[in-house]
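Since every read-out is calculated from the coordinates, none of them should be taken as a lab result. Predicted model only: the values in this text are computed from it and were never measured. Note that each Cβ is placed from the backbone with ideal geometry, even for glycine, and that neighbours are counted across all protein chains shown.
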Amino acid sequence: MSRDAAEGGVLCAEQDGELTGVAAYRTQDGETTLTQLHVDPVHWRHGTGAALHAACVELWRRAGIDRVRLEVYEHNLRARAFYATRGWLADPSAPHAGTHVTLWLQVGDVPDPSGD
């Protein structure tokens, strides 16, 4: 059974038949959440995370999703910098979820690489 992209999905990155990264998102009760974006540390800084993120944004655009949330470990400065450079903003009104910070992305604010 296939699922509508607006409901959620999993994207995988691979190189030479090796899984190098994964991204997953879901929509529940009208709210879309990026639940995972992981890259094998051997492949950090090689564009894998950026490619997975761009693929997610493209899927969200096509599915009509305007806003996406995620929670990131507050001390994971590398991940927080990655998301900040891609337009994710901390939600000042959201309380910390334990040791995590809530970030939001307005999908329409992310430049479309196709120029459309």
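Just subtract the alpha-carbon distance of Arg61 and Arg78 from 0.36 nm times their residue separation and send over the number in nm, one decimal.
Length gained, Arg61 through Arg78: 3.5 nm.
Can you work out the Karplus-derived ³J(HN,Hα) for every residue in the range 81-93? Use 6.51 cos²θ - 1.76 cosθ + 1.60 with θ = phi - 60°, whole Hz, and x for glycine or proline.
These are the phi-based 3J(HN,Hα) values: 5, 4, 5, 4, 5, 9, x, 6, 10, 5, 8, x, 8 Hz.
Given a cut-off of under 8 Å on Cα pairs at least six residues apart, what relative contact order in percent is computed for the chain? Present the calculation step by step, with values, prior to reporting the outcome.
On the way: 171 pairs, mean separation 23.6, N = 116.
Relative CO of the chain lands at 20 percent.
Give me the dipole magnitude in Debye, nearest 20, for the range 8-109 about the Cα centre, with unit charges on the beta carbon: positive for Lys and Arg, negative for Asp and Glu.
Numbers: 9 positive and 12 negative charges, 42 e Å.
So the magnitude is around 200 debye.
Taking +1 at the Cβ of each Lys and Arg and -1 at the Cβ of each Asp and Glu, which of Pro41, Ala51, Ala94 sits farthest along the dipole of the range 8-109 towards its positive end, judged by Cα position relative to the Cα centre?
Looking along the dipole axis, the top candidate is Ala94.
How would the range 8-109 be classified by its alpha-carbon gyration tensor: rounded, prolate or oblate, with rounded meaning a/c under 1.5 and the a/b versus b/c comparison settling the rest? Spell out each step's value before the answer.
Numbers: a/c = 1.86, a/b = 1.25, b/c = 1.48.
Judged from the Cα gyration tensor, the range 8-109 comes out oblate (a/c at least 1.5, b/c at or above a/b).
Can you list which of the GluC sites (Glu not before Pro) found in the range 8-84 are DSSP loop residues with at most 16 other C-beta atoms within 10 Å?
Working: sites: Glu14, Glu18, Glu31, Glu58, Glu71, Glu74; in loops: Glu74.
Within the range 8-84, the qualifying GluC sites (Glu not before Pro) (loop, at most 16 other Cβ atoms within 10 Å) are Glu74.
Between Thr85 and Leu19, what FRET efficiency comes out of the Förster formula 1/(1 + (r/R0)^6) with R0 = 41 Å and r the beta carbon distance, rounded to 0.05?
Numbers: r = 24 Å, r/R0 = 0.59.
Efficiency, rounded to the nearest 0.05: 0.95.
What number comes out for the charge environment of Leu70, summing +1 per Lys or Arg and -1 per Asp or Glu over other residues with Cβ under 14 Å away?
On the way: positive: Arg26, Arg67, Arg69, Arg80, Arg86; negative: Glu31, Glu71, Glu74, Asp91.
Its environment carries a net charge of +1.
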